[in-house]
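The values are calculated or read from the model by the stated rules, or taken from the named source; none is laboratory data. The structure displayed is predicted, hence computed values, not measured ones. Glycine also receives a Cβ, built like all others from the backbone with ideal geometry; neighbour counts cover every protein chain displayed.
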Amino acid sequence: MFGNKYRQQVAELEASLAECRAVQTALGQSMAVIELTPDGIVIDANENFCRTMGYALAELKGQHHRTLCDPAYAAKPEYAAFWAALRRGDFSRGTISRRHRDGREIWLEATYNPVRDAAGQVIKVIKFATDVSEQVIEAASQRAMVDAIERSMAVIEFRTDGTILRANENFCRTMGYSAAEVVGRHHRIFCADSLARSPEYAQFWARLARGEFCAGQYARLDRQQREIWLEASYNPVFGPDGQVVKVVKFATDVSERVRRNLAEREGAETAYQVALETREISQSGEGIILNTVAKMQRIAGIVDESATLVAVLGEQTVSISSIVDTIREIADQTNLLALNAAIEAARAGESGRGFAVVADEVRKLAERTGKSTGEIATMIRTIQQEAGSVSTSMNNGLAEVRAGVELANNAGEAIKLMRDGATRVVDVVQAFSNTIHD
């Protein structure tokens, strides 16, 4: 009976040993394993460990653990205290930095497991490790990125319902709050009442809760109720189950830029209106100038015709003067003939008295004719002088009118250029205004 019990115990021990060996084999296949004395001397190391650290087993056996450490760390009191704790049987675990054979830094997720004998004394230390260098470097990179974002941007975190979880210093400084004043409160404290009560605001948080990303420029209110413009993105964060667990907002204060853009937009609108008015005025001015030119051209035509008529009148007065001169000569000759007839009648005596009467009447008629022709000649000379003055004045006026027409034409061209320039200004200002609005 005793033998059966003994055999049963042996069988159980062998089964346990086989199980332990199976576990050890499994650990050896999946992890880097190294065995060390309580003083840190390498006893053994599996293939995974040697490959991870770049050594052959023969290079490690008999060497102290410090071979795998940064010399600066191995020289510190903390390193000696680490091994003292292991010798006392203290378990140790963590993410640790070690040195590859080529000098590279290797990060290991490791446990140091003291192994005791039957008397409870530590006889060796077994280390199980996994190379997590890539994860550590990636985590460090992400942490550095997060730190950079935290330093340069305003960051705030919310629950999916908009309740504030955390706000960094930049955000608090931008909005004029302390962290204690905002944590636990709703995002609506940064919004105008009209926005916070609107359906759009509720839809905004519903979209974020569904995992939709939102970004843009947002008008918010600081602690003093002053308008702050933020260039911001709202980023849903998903948990392992794919559900949104929180929303992180990254923001930059762009109030000055927005105000400057608004001022530029208003300036562009004003410039656009002025350009439109200038174009309209120039178009109206061009029409007025064209009408003026047409009227002046008609006046020039009338003056030109009048000048021609006056010139013809002058020529006709010259002809009349010639006729008057002829009549005067005839009157003079008639007067002379009448005088001769009177003389001859006087010589004839009584028989020539009738002829003397006729001669006297002829003489008087000649005198009246001469007097009338003299008056006519005087009037014609006056008409000629006045016609000459009128002709000169009209020619001068015609020259002035033609000069005015030329100036009006030039003014019309200038107005047209002004209108074309105003049109180009309208187009440019409108394009600029559209750019600002975009």
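Miscellaneous remarks
- Inclusion of Phe91 among residues that are touching a residue at least 12 places away in the same chain (Cβ under 8 Å) and surrounded by 15 or more Cβ atoms within 10 Å (Cβ to Cβ) is not warranted.
- Residue within region 380-394 that is modelled with pLDDT of 70 or more, surrounded by fewer than 17 Cβ atoms within 10 Å (Cβ to Cβ), under 58 Å from the mean Cα position of the chain (by Cα) and part of a helix (DSSP H, G or I) present: no
- Residues in region 276-288 that are modelled with pLDDT of 70 or more and over 20 Å from Asp427 (Cα atoms) were compared, and the one that is farthest from the chain's Cα centre (by Cα) is Ile288.
- Pairs linking a residue in region 193-209 that is assigned by TED's automatic domain parsing to the domain that holds Val248 and free of Cβ contacts under 8 Å to residues at least 40 places away in the same chain to a residue that is part of a helix (DSSP H, G or I) and not aliphatic (A, V, I, L, M), with Cβ atoms under 8 Å and 6 or more positions apart or on different chains, are Leu195/Tyr201; Ala196/Arg188; Tyr201/Arg188.
- Residue satisfying condition, being modelled with pLDDT of 95 or more, exposed (fewer than 15 other Cβ atoms within 10 Å of the Cβ), under 29 Å from Val146 (Cβ atoms) and not basic (Lys, Arg), within set Phe238, Phe250: Phe238
- The single condition among (1) at pLDDT 95 or above; (2) within 20 Å of Val155 (Cα to Cα) that Ala206 does not satisfy is (2).
- Condition check for Tyr112: aromatic (Phe, Trp, Tyr), free of Cβ contacts under 8 Å to residues at least 60 places away in the same chain and in contact with a Ser or Thr (Cβ under 7 Å, 6 or more places away or on another chain): yes
- Of all residues in region 254-272, those satisfying the criterion of being small (Gly, Ala, Ser) and either at pLDDT 80 or above or within 14 Å of the chain's Cα centre (by Cα) (or both) are Ser255, Ala263, Gly267, Ala268.
- Contact map, region 215-243: first residue within 17 Å of Asn261 (Cβ to Cβ), second residue of a type in the set (Ser, Thr, Tyr), Cβ cut-off under 7 Å, separation 6 or more or different chains; pairs are Ile228/Thr174; Ile228/Ser255; Trp229/Ser255; Leu230/Tyr218; Leu230/Thr252; Glu231/Thr252; Ala232/Tyr218.
- Breaking point among (1) surrounded by 11 or more Cβ atoms within 10 Å (Cβ to Cβ); (2) at pLDDT 95 or above; (3) under 60 Å from the mean Cα position of the chain (by Cα), for Ser30: (2)
- Out of Arg347, Arg298, Arg353, sole residue that is at pLDDT below 70, in the same structural domain as Ala399 (by TED's automatic domain parsing), basic (Lys, Arg) and part of a helix (DSSP H, G or I): Arg353
- Taken together, the residues in region 188-247 that are among the aromatic types (Phe, Trp, Tyr), in contact with a helix residue (DSSP H, G or I) (Cβ under 8 Å, 6 or more places away or on another chain) and part of a strand (DSSP E or B) amount to 2.
- Test: residue in region 114-129 that is under 19 Å from Ala32 (Cβ atoms) and polar (S, T, N, Q): no
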